[in-house]
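Below is one structure, written out as structure tokens, with a few remarks after it.
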Amino acid sequence: MTTLDADRCACGCTDAPCFVDALRQLGRQRFDELGWPTRRDESWRYTDVSPIANTQWREPGDALPADVYPADVARFAIPDLDAVTLVFVDGVFRPELSDDASDLGAGVTCTLLPEAVRERASWLDGRIGTLTSETDDAFTAMSNARAGELGVVLHANAGARAAKPVRVLSIASDPTPVAAHPRHVIIAGKGAGVTFIEHSVCLADDAVSFTNAVTEVFADDGAKVEHYFLEQDSERAFNVSTLAIRQGASSDVHSHTILLGGRLVRNNVMPTLIGEDAHCLINGLYVGQGRQHLDNAMRVRHAAPNCRSRQHYKGIMNDRSRGVFTGRIIVDPVAQQTDAIQSNRNMLLSDDARINARPQLEIYADDVRCTHGCTTGRVDDELVFYFRSRGIPENVSRAMLIYAFAAEGFERMSLKPVRRLLAAEMIAKLPGAQGLSIELD
Amino acid sequence: MSNAPLLQIENLHARLADDPSVEILRGIDLTIRPGEVHSIMGPNGSGKSTLAQLLAGKEDYEVTDGRILFMGQDVEDLGPDDRANMGMFLAFQYPVEVPGVSAMQFLKAAVNAKRAFAGEAEMDAGSLIRHFRAKAEQINVPFDMLKRNANEGFSGGERKRFEIYQMAVLDAQLGILDETDSGLDIDALRIVSEGVNSMRDGMRGFLLITHYQRLLEYIVPDFVHVLVNGKFVKSGGKELALELEQHGYAPFGVHEHAAIAPPAGASA
């Protein structure tokens with residue numbers, strides 16, 4: 001287990017242990033206690049992580065920097081999106097491929113995490129790790145142990161609005177396995193507004209990567225945060241991503257997750273609503289083919305009265321792929337007038353595709369509205385007949401119906417260029433959809 | 001040439017694909033020539049809707065004998081999309097809601113599928129919109145309906161009007177209306193009927209499938225066929241519909257609602 005060997009603080013602090021170092025020590029301890037999760041762990045019942053545990057991973061930066069050029073980065077651009085893009089290749093920041101992050105607007109700062117630990121400690125002390133240190137998840141513990149080494153901090157002062165989204169583009173280029181543990185910290189002060197995009201891609205279909213990313217979001221009172229996770233790893237990649245969110249009063253956080261790639265993906269989204277009248281939207285789509293395994297674990301915790309949460313997750317599984325959805329809603333005794341809705345809908349495109357879905361409601365308050373719904377089905381034959389009876393060939397009929405199922409969630413996204421990119425990606429994935437033109441407004 | 005039949009059904013026998021013991025159609029013969037309006041009337045369970053869906057190519061039914069010719073071509077190996085692209089149109093009794101696909105996107109795909117079938121290029125966006133607008137006026141459908149997801153949240157009347165609108169947009173040569181009148185109030189029935197009548201040009205053919213005579217007051221048929229238990233028991237002109245209106249299906253040995261209110265004196 002080489003990944004936890006690092007014992008000095010990567011932030012470069014030379015004084016007595018800094019706050020990051022304390023988190024790292026805690027992480028090491030916790031991981032030693034927990035060990036790699038097994039299928040006996042309730043949270044990992046459907047997902048076998050032994051391929052991750054059994055792989056010899058290299059550290060980012062152990063090898064010479066990969067040959068990646070601006071033209072490669074351009075391939076992964078989101079057309080028409082004006083964003084600050086920061087590029088990481090195999091877990092190494094590449095300034096020459098990245099945008100200048102200085103023009104995000106007054107009061108909004110984006111910087112690399114190690115730099116922020118050194119120079120902006122006041123932003124991070126008391127924030128970083130507070131949403132993850134008491135984890136019972138071994139991957140998060142591992143991330144704590146590696147905190148401060150890699151990642152991005154996006155900070156908005158009270159009332160500041162970011163002029164454009166920040167996009168972290170992670171490119172896997174290396175067929176030799178590289179593990180990276182990025183930690184991103186998003187801090188939106190009172191009434192601030194920011195948009196953060198994590199975009200994970202591969203340069204080669206055989207790129208083997210293990211990304212264990214933890215993103216902590218602090219949305220102070222009245223803040224608005226929109227977070228996107230666009231996962232397009234190779235089908236040999238492993239990706240465990242955790243989005244931990246703390247929401248103050250009247251804050252509004254939207255999380256959009258699209259899982260398209262990866263051999264084994266675990267997507268954790270964990271908002272805690274600690275201030276009254278906070279709103280949270282969790283929007284997701286996972287599309288599997290081949291032998292992909294896509295596991296989604298939601299945990300929404302209502303810890304204040306009068307909050308609203310919405311979970312809308314959809315899965316489309318083809319071939320021998322497997323999807324998992326665990327949707328947990330915890331309503332604390334104090335969280336009266338909670339309004340929580342969870343919906344998980346799945347479409348199976350082949351006989352061998354599988355879905356495991358389980359809603360888990362823990363409600364300790366008595367005056368709440370919590371609903372959940374879960375469906376799994378196939379493309380509706382009656383609808384296919386209806387389409388065909390209008391002359392639309394069967395493959396196009398199916399493609400249109402699958403596309404429509406997937407695209408419903410796109411409409412919840414504020415960034416139209418992201419919607420258009422996803423529409424194109426979906427159409428490219430659908431057999432028979434070549435002639436399909438569906439405009440998005 | 002111009003008077004060659006649109007549709008010829010010869011000695012058609014069909015059963016459920018899933019349950020071959022259930023024979024639904026037991027020897028149907030029907031010829032529809034250009035310009036003709038035929039009506040098939042029959043009680044519940046007589047096989048009316050089966051015939052409509054079978055003609056459109058639904059795979060739930062298996063033809064065991066006889067054949068169907070559309071435009072002179074045996075349709076046995078043609079899928080529903082091929083039949084539609086050749087000019088057949090089925091207006092559904094229960095049009096299904098299409099989540100996530102607007103009526104406009106749906107019809108655009110259908111129009112372009114038909115053009116591809118005919119070896120023609122896709123219609124450009126401007127021409128398509130003009131075509132949609134012209135037909136919306138002809139069928140008396142609000143153009144805004146096209147922006148909504150097809151049939152989603154449509155009232156019963158809106159759904160039926162949208163069916164007729166689709167038939168017009170796709171320029172169908174043979175319109176099969178499966179109980180289009182069911183669930184419609186008089187106003188909706190009138191609008192739907194006017195839409196159909198606006199398409200009667202002496203060339204198109206129509207097959208109206210209905211339980212009740214009411215629809216035929218608005219769309220006057222040339223021929224009426226009474227379907228009972230999978231067979232035509234009588235054929236005639238439009239006056240046959242009136243006869244049915246007066247006497248019901250009883251003269252053909254059918255006692256509807258008999259299970260609820262058996263005629264006096266009936267014994268088991």
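The values are calculated or read from the model by the stated rules, or taken from the named source; none is laboratory data. If you're wondering where the values come from, they're calculated on a predicted model, not measured in any experiment. So basically every Cβ, Gly included, is an ideal-geometry build from the backbone, and we count neighbours across all protein chains shown. In case anyone asks, the SASA skips ligands and DNA or RNA and just uses the protein heavy atoms, side chains included. Shrake-Rupley method; radii C 1.70, N 1.55, O 1.52, S 1.80 Å.
Overview of results
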read-out: Residue list for the stretch B:41-65, restricted to those being touching a residue at least 40 places away in the same chain (Cβ under 8 Å), within 20 Å of B:PHE252 (Cα to Cα) and away from every other protein chain (no Cβ under 14 Å); value: B:MET41, B:GLY42, B:PRO43, B:ASN44, B:SER46, B:GLY47, B:LYS48, B:LEU51
read-out: Output for the stretch B:226-258, where each listed residue is at positive phi and open to solvent by 100 Å² or more (accessible area, probe 1.4 Å); value: B:HIS257
read-out: Test result for B:ALA188, modelled with pLDDT of 95 or more and away from chain A (no Cβ under 14 Å); value: no
read-out: Qualifying positions in the stretch B:81-118 - over 23 Å from B:HIS131 (Cβ atoms) and either within 7 Å of chain A (Cβ to nearest Cβ) or small (Gly, Ala, Ser) (or both); value: B:VAL96, B:PRO99, B:GLY100
read-out: Residue in the stretch A:37-56 that is surrounded by fewer than 14 Cβ atoms within 10 Å (Cβ to Cβ) and aromatic (Phe, Trp, Tyr) present; value: no
read-out: Residue check, A:LEU422 open to solvent by less than 10 Å² (accessible area, probe 1.4 Å), away from chain B (no Cβ under 12 Å) and at pLDDT 90 or above; value: yes
read-out: A:LEU86 in the same structural domain as A:PHE210 (by TED's automatic domain parsing), touching a strand residue (DSSP E or B) at 6+ places or on another chain (Cβ under 7 Å), open to solvent by 20 Å² or more (accessible area, probe 1.4 Å) and of a type in the set (A, V, I, L, M); value: no
read-out: Single residue of A:GLN337, A:GLN311 found to be buried (at least 23 other Cβ atoms within 10 Å of the Cβ) and either closer than 14 Å to A:ILE245 by Cα or modelled with pLDDT of 95 or more (or both); value: A:GLN311
read-out: Condition broken by B:VAL37, with the remaining ones in (1) within 29 Å of B:ARG214 (Cα to Cα); (2) surrounded by fewer than 19 Cβ atoms within 10 Å (Cβ to Cβ); (3) among the hydrophobic types (A, V, I, L, M, F, W, C) satisfied; value: (2)
read-out: The stretch A:206-228, residues that are open to solvent by 10 Å² or more (accessible area, probe 1.4 Å) and hydrophobic (A, V, I, L, M, F, W, C); value: A:VAL208
read-out: Test set (1) within 25 Å of B:ARG115 (Cα to Cα); (2) buried (at least 18 other Cβ atoms within 10 Å of the Cβ); (3) modelled with pLDDT of 95 or more - B:LEU208 fails condition number; value: (1)
read-out: Members of the stretch B:9-27 found to be open to solvent by 50 Å² or more (accessible area, probe 1.4 Å) and under 12 Å from B:ILE68 (Cα atoms), listed by number; value: B:GLU10, B:ASN11
read-out: Residue satisfying all of: in the stretch A:72-83; within 22 Å of A:ASP206 (Cβ to Cβ) and among the aliphatic types (A, V, I, L, M); most open to solvent (accessible area, probe 1.4 Å) among these; value: A:ALA74
read-out: Residue that is within 14 Å of chain B (Cβ to nearest Cβ), open to solvent by less than 60 Å² (accessible area, probe 1.4 Å) and under 29 Å from the mean Cα position of the chain (by Cα), where the choices are A:GLY373, A:GLY391, A:GLY377; value: A:GLY377
read-out: Which numbered condition A:ALA249 fails, given (1) among the aliphatic types (A, V, I, L, M); (2) open to solvent by 20 Å² or more (accessible area, probe 1.4 Å); (3) outside any loop (DSSP other than H, G, I, E, B); value: (3)
read-out: Residues of the stretch A:397-416 that turn out to be at the interface with another protein chain (Cβ under 7 Å from one of its Cβ atoms) and free of Cβ contacts under 8 Å to residues at least 60 places away in the same chain, as a count; value: 3
read-out: Residue within the stretch A:197-210 that is closer than 21 Å to A:SER143 by Cα, in contact with a Cys (Cβ under 8 Å, 6 or more places away or on another chain) and in a strand (DSSP E or B) present; value: yes
read-out: Hey, A:GLU411 in a helix (DSSP H, G or I), of a type outside the set (A, V, I, L, M, F, W, C), loosely packed, with under 15 Cβ neighbours inside 10 Å and not assigned by TED's automatic domain parsing to the domain that holds A:ASN268 or not; value: yes
read-out: Top-ranked residue in the stretch B:5-25 [being in a loop (DSSP other than H, G, I, E, B) and not acidic (Asp, Glu); ranked as nearest to B:GLU62 (Cα to Cα)]; value: B:ALA17
read-out: A:ASP277 being among the charged types (D, E, K, R) and on the phi > 0 side of the Ramachandran plot; value: yes
read-out: B:GLY153, sole failed condition from (1) small (Gly, Ala, Ser); (2) touching a strand residue (DSSP E or B) at 6+ places or on another chain (Cβ under 8 Å); (3) open to solvent by 50 Å² or more (accessible area, probe 1.4 Å); value: (2)
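Here's the yes/no breakdown for (1) in a strand (DSSP E or B); (2) in contact with an Asp or Glu (Cβ under 6 Å, 6 or more places away or on another chain):
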{"residue": "A:ASN239", "(1), (2)": "yes, yes"}
{"residue": "A:ALA244", "(1), (2)": "yes, yes"}
{"residue": "A:GLY261", "(1), (2)": "no, yes"}
{"residue": "A:VAL300", "(1), (2)": "yes, no"}
{"residue": "A:ASP319", "(1), (2)": "no, no"}
{"residue": "A:ILE329", "(1), (2)": "yes, no"}
{"residue": "A:VAL334", "(1), (2)": "no, no"}
{"residue": "A:ASP351", "(1), (2)": "no, no"}
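Each row is one residue, and each column tells you yes or no for (1) out of contact with any His (no Cβ under 7 Å at 6 or more places or on another chain); (2) of a type outside the set (Gly, Ala, Ser); (3) without any contact (Cβ under 8 Å) to a residue 24 or more places away in the chain.
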residue	(1), (2), (3)
A:PHE325	yes, yes, no
A:ILE329	yes, yes, no
A:ALA335	no, no, no
A:ALA340	no, no, no
A:ASN346	yes, yes, no
A:SER350	yes, no, no
A:LEU361	no, yes, no
A:ASP367	yes, yes, no
